[in-house]
Amino acid sequence: MSKVLIVYATDYDHTKVCAEALARGVESTGGTAIVKDAGDATGEDIEAADALVLGSPVHMGSPDWKIKQFIDQQCSGLWMKNAGIGKVGAVFGTGSGFGSAGGGIELTLLALLNNLAELGMVLVPLPKNTENYADGGLQWGPYARVHSKDTMEPLEVSEVQLGIMTAHGANIARVADAVAGQALFKP
């Protein structure tokens, strides 16, 4: 069964809560989920995993600096030695501000996906037939809105959005199981 590393950055624990929901999805398929804060995850953790999932809150339309630091410090060395090629990659995020998920969620998810693509990973999107997709999904991955659209008061991640995260985790694990041991993209 697949081993999925979920690396996140968080300010108010919303992204951590989402990471834990993704982990439940991975484990529902018989896979193993390892959930780590971006400051604690290492390149060795990525090398030991079949899949890497990155999660971040939106900060001014882009990923949190802690997840960017993880990418710069841990993923760049893997890129140099082609250690990410053929592994599975996926993303999720949390946001607030104006717009459905908050301004910048799509840019944040795309920025994270770009880094996984640079590593040569097989990317797992969020299918539009995911239950409640319209309440927390984009093709790039799931998101949770963590502040009210009107008053900007903090919100907890909704049960519906946690369900979407869990479904995404299960999809990632299934793809990682299918890809594991395959000689994808290897010379």
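Over segment 49-99, what is the mean sequence separation of C-alpha contacts under 8 Å (at least six apart), divided by residue count, expressed as relative contact order in percent?
Relative contact order, segment 49-99: 60 percent.
Mind ranking 1-10, 155-164 by how tightly packed they are, going by the mean number of other C-beta atoms within 10 angstrom, highest first? Could you put the intermediate results ahead of the total?
Details: 1-10: 23.3, 155-164: 18.2.
So the peptides 1-10, 155-164, ranked by packing, come out 1-10, 155-164.
Based on alpha-carbon centroids, what's the gap between segment 90-121 and segment 1-72 in Å, whole number please?
13 Å
Taking the chain as a Gaussian network, where each spring joins two C-alpha atoms under 10 Å apart, which residue of Gly77, Gly31, Gly89 fluctuates the most?
Gly77
Short version: what are the Cα gyration tensor semi-axes of segment 107-155, square root of 5 times each eigenvalue, largest first, in whole Å?
25, 15, 6
How would you rank 40-46, 168-174, highest first, on the average number of other Cβ atoms within 10 Å across their residues? Could you put the intermediate results ahead of the total?
Values: 40-46: 16.4, 168-174: 24.9.
Final packing ranking: 168-174, 40-46.
Would you list the P(r) distribution for segment 3-179, with all Cα-Cα distances sorted into 5 Å bins from 0 and each bin expressed as a whole %?
Whole-percent P(r) values from 0 Å outward: 2, 10, 20, 24, 22, 13, 6, 2, 1, 0.
Normalising by the residue count of the chain, find the relative contact order in percent from Cα pairs under 8 Å and 6+ residues apart. Could the numbers behind the result be given before it?
Details: 417 pairs, mean separation 51.0, N = 187.
Over the chain, the number comes to 27 percent.
Since every read-out is calculated from the coordinates, none of them should be taken as a lab result. Quantities reported herein were computed from a predicted structural model and do not represent experimental measurements. With ideal geometry, Cβ positions are generated from the backbone for all residues, glycine too; neighbour counts draw on all protein chains shown.
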